[in-house]
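This report concerns only the one structure given below.
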Amino acid sequence: MNSKQVVLITGSSTGFGRLFTETLARKGHTVFATMRDPGGRNAKNASEIRTLAEKDSLPIHVLEMDVTDDASVERAVNAAIAKAGRIDVAINNAGYYLGGLEETVTTEQARRLMDTNFLGPVRVNRAVLPHMRRQRSGVLMHVSSAAGRVVLPSGGFYCASKFALEALAESYSYELAAQGIESVILQPGQYETPIFGNTVTGADVARADTYGPAKEFPAKVGGALASTAANAQEVADAVLRIIETPAGEKQLRYFVGPQDFGVEEINDLSKQVQAEALEGFGVTADTKFRKGKAAGSV
């Protein structure tokens, strides 16, 4: 893969996505910063990014993308390909936090969460993979969370969306390896981003009336996360290191956080268990990364 890469990032208007955009562009990588409605609700954010790019001569292009809409995703990916000719890295970053006691979360709220946090990456990956396959190279990066490994009471639906993303991303890593395409998982801990300020809470609040002390879980969890949040630039720096790691040498999972909470221990055990499972199913050799031409190509 070229040292300077073409990177598509979802959810780039604020938070991690905004930091990833600037950090990668300042190192010479071409970045397509995607977001919903850059001409409306995100007009200010889009304008700030474009102004920064012009002022500092950074290779950043703002594109509209709603990860919950198949057509919107396809348009953005096609626009990036038309402009740059390739996409080397797709960073699935768009997502939000849904909190509150689980019984207070309506089925419609749960559906919307999964449509963004889980099906969003499905749409993006389906759009970019045909191009990566033609290139015989590429990286799918999935921004999960420490909450994709450990469960927070009052954050169960958010955790479920990240647990699902972890499973999907790991399966991609096995299936795509022989074609020279890597799938990696980034697991940030608690960092200072707008995600908790934009938290959606369970709408059926009357359901919490019988819970007694458990009603305080959302406030306790939120307070603990906010009080220990670290500088989010650490995560952007980790993303830079990951995408600049040579092809075939990347790990499946990267935990980055001010506190471990046992995530690394779970990752290590999972790696061991998965290796044994793959061997048991007789597919170990087929999951190895191959540099160069895709399997079956000439």
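Where a number appears in this text, it was derived from the coordinates with a stated rule and is not lab data. In this text the structure is predicted, and so the values were computed from the model without any measurement. Every residue, glycine as well, gets a Cβ built from its backbone with ideal geometry; the counts of neighbours run over all protein chains shown.
Per residue of the chain, the DSSP helices (runs of n ≥ 4 H) give a summed -39500 (n - 2.57) that works out to -14500 deg cm²/dmol at 222 nm. Backbone geometry of segment 211-217 corresponds, through the Karplus equation with coefficients 6.51, -1.76 and 1.60 at θ = phi - 60°, to 3J(HN,Hα) couplings of 8, x, x, 5, 4, 8, 4 Hz, x marking Gly and Pro.
Modelled label positions at ASN198 and ARG26, each set 7 Å beyond Cα in the direction of Cβ, lie 2.2 nm from each other. In order along segment 149-156, phi translates into HN-Hα couplings of 10, 10, 9, 9, x, 6, x, x Hz, rounded to whole numbers, per the Karplus curve 6.51 cos²θ - 1.76 cosθ + 1.60 with θ = phi - 60° and x for Gly and Pro. Could you tell me which of rounded, prolate or oblate describes the chain, using a ≥ b ≥ c as the square roots of the eigenvalues of the alpha-carbon gyration tensor, with rounded for a/c under 1.5 and, failing that, prolate when a/b is larger than b/c and oblate otherwise? In terms of gyration-tensor shape, oblate. Put simply, the amide H of TYR97, placed in the peptide plane, has neighbours under 5 Å in VAL200, leaving out anything fewer than 5 places away on its chain. For segment 124-129, backbone phi angles converted through the Karplus equation (6.51, -1.76, 1.60; θ = phi - 60°) give residue-by-residue couplings of 4, 4, 5, 6, 8, 4 Hz, Gly and Pro being listed as x. Taking only the Cα atoms of segment 85-141, the radius of gyration and Dmax are 15.2, 47 Å.
Distances between placed amide hydrogens fall under 5 Å for HIS61 paired with VAL31, PHE32, ALA33, all partners being 5 or more residues away or on another chain. Once you order the gyration tensor axes a ≥ b ≥ c over the Cα atoms, which shape class does segment 1-69 get: rounded for a/c under 1.5, otherwise prolate or oblate by comparing a/b with b/c? Because a/c hits 1.5 or more and a/b fails to exceed b/c, segment 1-69 counts as oblate. Per the Cα gyration tensor, segment 125-230 maps to an equivalent ellipsoid with semi-axes of 36, 15, 11 Å, ordered largest to smallest. Estimated at 0.36 nm per residue, the fully extended path between GLU108 and ASP56 surpasses their Cα-Cα distance by 14.4 nm.
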